[in-house]
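Asker: Below: one structure in structure tokens.
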């Protein structure tokens, strides 16, 4: 079940909604819907769980999430090394980066367990470095990343053939939502402006 590394790379920055995440997980880079995904979309979870394609579909979703987590690690590294963050904000950024590292480790381990090959981090990411001139810019950059992560995991949760993977993704979703709320608060914005995440 070896997969091409670059085909799975994604970005939390490009995921504006759960629907965009579902499109990414299901069809990015020319992938066709697996039988498991079609069964899930048709509301036939039992059929999807039994499908031989379920594990391959789950690996694809996990690798897409892993690629985005690796990008998040690099983004927080950029913020930490920018020299723009005050000490308490820097500590928070490093803590959030640590969470993304834990997510990435779990995702990579799970991909291997399912017989796949985890994607690797890109050698370079296209971050808006020229727009990072003050602490607030770095916080907005990180908040955008976390908002994309929330949408990505919200879109992924219902797609897994293995329901335990859905639970794990939902747990990561909760962590990403907390990051987003804390960053919004640090920017002086309402940390939780709506009752539902969409």
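The values are calculated or read from the model by the stated rules, or taken from the named source; none is laboratory data. All figures in this text were calculated on a predicted structure; none of them were measured in a lab. All Cβ positions, glycine included, derive from the backbone under ideal geometry; neighbour counts span all protein chains shown.
Asker: Go through 160, 196 for me and flag whichever is crowded, with 20+ Cβ neighbours inside 10 Å and more than 27 Å from residue 90 (Cα to Cα).
Answerer: Just a single option satisfies the conditions, and that option is 160.
Asker: Okay, next question. Hey, can you tell me all the residues within the range 131-156 that are assigned to a helix (DSSP H, G or I) and surrounded by fewer than 20 Cβ atoms within 10 Å (Cβ to Cβ)?
Answerer: Within the range 131-156, 131, 135, 136, 137, 140, 144 meet the criteria.
Asker: Return the residues of the range 70-92 that are assigned to a helix (DSSP H, G or I) and touching a residue at least 40 places away in the same chain (Cβ under 8 Å); say none if nothing qualifies.
Answerer: Of everything in the range 70-92, those that are assigned to a helix (DSSP H, G or I) and touching a residue at least 40 places away in the same chain (Cβ under 8 Å) turn out to be 70, 71, 72, 73, 74, 75, 76, 78, 79, 89, 92.
Asker: Taking only the range 171-193 into account, find how many residues are over 17 Å from residue 96 (Cα atoms) and in a helix (DSSP H, G or I).
Answerer: Adding up the residues that qualify gives 0.
Asker: Could I ask something else about it? Out of all the residues in the range 109-130, which are part of a helix (DSSP H, G or I) and either in contact (Cβ under 8 Å) with a residue 60 or more places away in the chain or in contact with a helix residue (DSSP H, G or I) (Cβ under 6 Å, 6 or more places away or on another chain) (or both)?
Answerer: Passing the criteria: 110, 111.
Asker: Suppose the filter is more than 16 Å from residue 77 (Cβ to Cβ) and modelled with pLDDT of 95 or more; does residue 119 pass it?
Answerer: yes
Asker: Still on this structure, please answer the following. Of the residues that sit in the range 93-119 and are surrounded by 18 or more Cβ atoms within 10 Å (Cβ to Cβ) and over 14 Å from the mean Cα position of the chain (by Cα), which one is nearest to residue 142 (Cα to Cα)? Outline the logic, then answer.
Answerer: Step one: filter the range 93-119 for residues surrounded by 18 or more Cβ atoms within 10 Å (Cβ to Cβ), giving 93, 96-97, 99-100, 103-104, 107-108, 110-111, 116, 118-119.
Filter again for over 14 Å from the mean Cα position of the chain (by Cα), leaving 93, 110-111, 116, 118.
Details: 93: 9, 110: 26, 111: 26, 116: 30, 118: 24 Å.
This residue is 93.
Asker: While we're here: Does residue 175 qualify as being in contact (Cβ under 8 Å) with a residue 12 or more places away in the chain, under 13 Å from the mean Cα position of the chain (by Cα) and either at negative phi or surrounded by 14 or more Cβ atoms within 10 Å (Cβ to Cβ) (or both)?
Answerer: When the stated conditions are applied, residue 175 passes them.
Asker: Do we find that residue 95 is at pLDDT below 95 and in a helix (DSSP H, G or I) in this structure?
Answerer: No, not satisfied.
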